[in-house]
Amino acid sequence: MVCPEFSHPQSSSPMAKPRNRSFWCLPDAFLVFGVAFLALLLVASFWSFFTPTPNFEPTVTDPPSKLSMNPVDCSESGFGVNLKSDPKDPTFYDDPEMGYSLEKPVKDWDQKRAEWLKHHPSFAAGARERIVLVTGSQPKPCKNPIGDHLLLRFFKNKVDYCRIHGYDIFYNNLLLHPKMGSYWAKLPVVKAAMLAHPEAEWIWWVDSDALFTDMEFKLPLERYKNHNLVVHGWPKLIYEKKSWTSLNAGVFLIRNCQWSMDLINTWSSMGPMSKDYEKWGQIQRLTFKDKLFPESDDQSALVYLLYTEKEKYYDHIYLEGEFYFEGYWVEIVGGYENTTERYLEIERGAPKLRRRHAEKVSEQYAAFREEFLKEAGNGKGSWRRPLITHFTGCQPCSGDHNLMYAGESCWNGMVKALNFADNQVLRKYGFVHSDLHDSSTVTEIPFDYPADEGPW
């Protein structure tokens, strides 16, 4: 804001010399009156200097060009991209033959996407690391009485993670293809997201029953620079054990490119939209002896492609097994308390990690923390926070669950995981859940909490 300038009135002193003699010829009464008047003016001038007149009019600030030598373009977002510019140059969006549905394969997508970026140069910078997270749920209300509440918290968790890392997020609760329901519903959404977001290099699908439990961790994209699909999986289980659970298709990172478009076409051809859907179910059961249900599913279909066409797909798919790209909840939730204590132990000896900071700089503190996590390990048995805890076998909306465990263990585990993740967010706002099983209460964190006690 531009500071107002005060003018300082320069009153004549009553001791100033007269300019002519006629002044002294005035009657005494008039002279006394003149002196008094001058004295009043002098007092008023000093009063106005020390007590400026309040301004009750609305403040109008100067235009940016007067406030700064480098004005900010208001058409740009906080990430330096121009959200108000869409040139008239024709792009793939103007092609009447281009369609979003699975029945309309996309050709020459790499060239079309590159052309769009050329016409939108503000999006080109940083495009190689830009991610759009996609998730979703069913169109109708949940049967499970607490299902909608759980799904809301699962979605909030994803929104929190995306906000911290600057990712866009799209939540879909509709079937974009009438035949592609259940676990197959993700493929039409992912394809549509690729077309809707040519500025993004990656589309990150995360199931509705999966949540982030390391809110600071950022994907090592450099590791995947020569791959187009990243899933949690193990080659030995694919090629030696031939198991349909050798990877998990509930969470995957897919590059926004023609290879991925072609994969989605092939992958979805084993789903309910195909006239050979039943046949594919039979083929999968014959191939994977541990698959017990007859329907063709998206996970078995992807494993089948990797197993039967290794030369075509293996070099393009990164099977991430070095950390919990997604982790089975049963082997994770029991360790949250130990993980919390180990992280607090690190912070007791590292004041820079205890320091309060803005949420926007969380990634810097994640980098600080890495030097203390070298001995934590990764995956099962590790005390490092798992990136994603996946409640496979638990269906929060329908209330169904794997008969291997009780339903209450699913819902209680979800609440515990959600609070564990929420604590990492709430800390930036000065609070935490003292009890991971209690979502309704929080405790304020003391400033630079003592070394012998943690905030929760």
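The values are calculated or read from the model by the stated rules, or taken from the named source; none is laboratory data. Quick caveat, the model's predicted, so the values are computed rather than measured. Neighbour counts are summed over all protein chains in view; Cβ atoms, including those assigned to glycine, are modelled from backbone coordinates with ideal geometry. When the accessible area is computed, the model is the full protein with side chains, heavy atoms only, and any ligands, DNA or RNA have been set aside. Shrake-Rupley method; radii C 1.70, N 1.55, O 1.52, S 1.80 Å.
Observations on the model:
- Of the residues in region 178-191, not one is farther than 21 Å from Glu295 by Cα and open to solvent by 10 Å² or more (accessible area, probe 1.4 Å).
- Cross-chain or 6+ apart pairs with Cβ under 7 Å, region 313-342 first and β-branched (Val, Ile, Thr), then part of a helix (DSSP H, G or I): Ile317/Leu306; Val333/Gly413; Val333/Lys416; Val333/Ala417
Residue by residue, here is whether (1) crowded, with 20+ Cβ neighbours inside 10 Å; (2) on the phi > 0 side of the Ramachandran plot holds:
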| position | (1), (2) |
| --- | --- |
| Leu102 | yes, no |
| Lys112 | no, no |
| Glu115 | no, no |
| Gly126 | no, yes |
| Ser137 | yes, no |
| Lys140 | no, no |
| Asn157 | yes, no |
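- Restricting the first member to region 382-397 and to residues that are in the same structural domain as Glu408 (by the TED database) and on the phi > 0 side of the Ramachandran plot, and the second to residues that are open to solvent by 30 Å² or more (accessible area, probe 1.4 Å) and not in a loop (DSSP other than H, G, I, E, B), the beta-carbon pairs closer than 7 Å and six or more apart or on different chains are Gly393/His401.
- Residue within region 272-293 that is open to solvent by less than 10 Å² (accessible area, probe 1.4 Å), touching a residue at least 40 places away in the same chain (Cβ under 8 Å) and farther than 22 Å from Tyr328 by Cβ present: no
- Residue-level analysis places Lys310 outside the set of residues that are at positive phi and more than 32 Å from the chain's Cα centre (by Cα).
- Within region 419-446, the set of residues being within 22 Å of Thr389 (Cα to Cα) and in contact with a Phe, Trp or Tyr (Cβ under 7 Å, 6 or more places away or on another chain) comprises Phe420, Ala421, Asn423, Val432, His433, Ser434, Leu436.
Residue-wise test of (1) at positive phi; (2) in contact with a strand residue (DSSP E or B) (Cβ under 9 Å, 6 or more places away or on another chain); (3) not charged (D, E, K, R).
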| site | (1), (2), (3) |
| --- | --- |
| Ser274 | no, no, yes |
| Arg285 | no, no, no |
| Asp298 | no, yes, no |
| Leu306 | no, yes, yes |
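- Residue list for region 421-430, filter: within 19 Å of Tyr336 (Cα to Cα) and either modelled with pLDDT under 95 or open to solvent by less than 10 Å² (accessible area, probe 1.4 Å) (or both): Ala421, Asn423, Val425, Arg427
- Count of region 332-362 residues which are touching an Asp or Glu at 6+ places or on another chain (Cβ under 7 Å) and either more than 14 Å from Met215 (Cα to Cα) or open to solvent by 60 Å² or more (accessible area, probe 1.4 Å) (or both): 2
- Within region 133-155, tally of residues that are free of Cβ contacts under 8 Å to residues at least 12 places away in the same chain and either among the aliphatic types (A, V, I, L, M) or closer than 12 Å to Met215 by Cα (or both): 1
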